[in-house]
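A short reminder: the numbers here are calculations on the coordinates, not readings from a lab. Since this is a predicted model, take the numbers as computed values, not measurements. Positions of Cβ are backbone-derived with ideal geometry, glycine not excepted, and every protein chain shown enters the neighbour counts.
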Amino acid sequence: MGGRGGWIRVHYLLMYDVVEDYVTRRAPLRAAHIGLARAAVARGELVLGGALNPPEGVVLLFRGESPAAAEAFAAADPYVQNGLVKSWKVREWTTVVGPDAQVRLPDVIS
C-alpha cells in the first residue's frame, strides 16, 4: 500500500505493560491521554487504541512510514510520564487480511 511520497505505510503496535492499579491511577490523567490519542488520530497516525480486558495492558495501532509516531506518542503520554506504564515497546506488524492490510495477498494461495 503506497503512502505519501511513495513510502510504504506500515502498521505498528504500541504495547504498554501497566501497573496493577492502572484503572484507579489513570483517572486524573485520562483526559490528557485521550486528547493525545485524538490528536494522533486527526493526523492520520493512530488507527485504534484501547486497554485490554482485564486491564493488564494497552495496545495502540499506528500507521506510518516508520515507528516514529508511535514512539513519540509513548514519550508524550501522561500515562508513561506518570509511571502508570511499567514498560512499552513498538513492534512492526505485517498485516495481510482486511481492507487496510499492508500486504495484499493473491486471491488464490497455494
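Would you mind calculating the relative contact order of the stretch 13-93 from Cα pairs under 8 angstrom and at least 6 residues apart, reporting the percent as a whole number?
Numbers: 112 pairs, mean separation 39.5, N = 81.
Dividing the mean separation by the residue count of the stretch 13-93 yields 49 percent.
Please report how far the C-alpha centroid of the stretch 5-71 lies from that of the stretch 81-103, rounded to the nearest whole angstrom.
8
Excluding Ala74 itself, what net charge comes from residues whose Cβ is under 14 Å from its Cβ, given Lys and Arg +1 and Asp and Glu -1? Please list the in-between numbers first.
Numbers: positive: Lys86, Lys89, Arg91; negative: Asp17, Glu45, Glu71, Asp77.
Local net charge: -1.
Tell me what the chain gives for mean residue ellipticity at 222 nm when only DSSP H runs of n ≥ 4 count, each as -39,500 (n - 2.57), the sum divided by the residue total, rounded to 500 deg cm²/dmol. The partial results should precede the final answer.
Values: 4 runs with 31 residues, N = 110.
Value at 222 nm, helices only, nearest 500: -7500 deg cm²/dmol.
Multiply the residue separation of Gln81 and Arg30 by 0.36 nm, subtract the distance between their alpha-carbon atoms, and state the gained length in nm to one decimal.
Extra length available between Gln81 and Arg30 comes to 17.1 nm.
Which whole-Hz ³J(HN,Hα) couplings does the stretch 15-31 yield from phi under the Karplus relation 6.51 cos²θ - 1.76 cosθ + 1.60, θ = phi - 60°, glycine and proline marked x?
After applying 6.51 cos²θ - 1.76 cosθ + 1.60, I find 10, 10, 9, 10, 5, 4, 9, 3, 4, 5, 6, 6, 3, x, 9, 5, 4 Hz.
Farthest toward the dipole's positive end in the chain, which of Gly49, Val18, Val108, given Cβ charges of +1 (Lys, Arg) and -1 (Asp, Glu) about the Cα centre?
Toward the positive end, the furthest listed residue is Gly49.
For the pair Val19/Val47, report the inter-label distance in nm, with labels modelled 7 Å from Cα in the Cβ direction.
According to this spin-label approximation, the distance is 3.2 nm.
Hey, what's the Kirkwood Rh for the stretch 13-93 if you take every pair of different alpha carbons, in angstrom?
Numbers: mean 1/r = 0.0796 Å⁻¹.
Its Kirkwood hydrodynamic radius stands at 12.6 Å.
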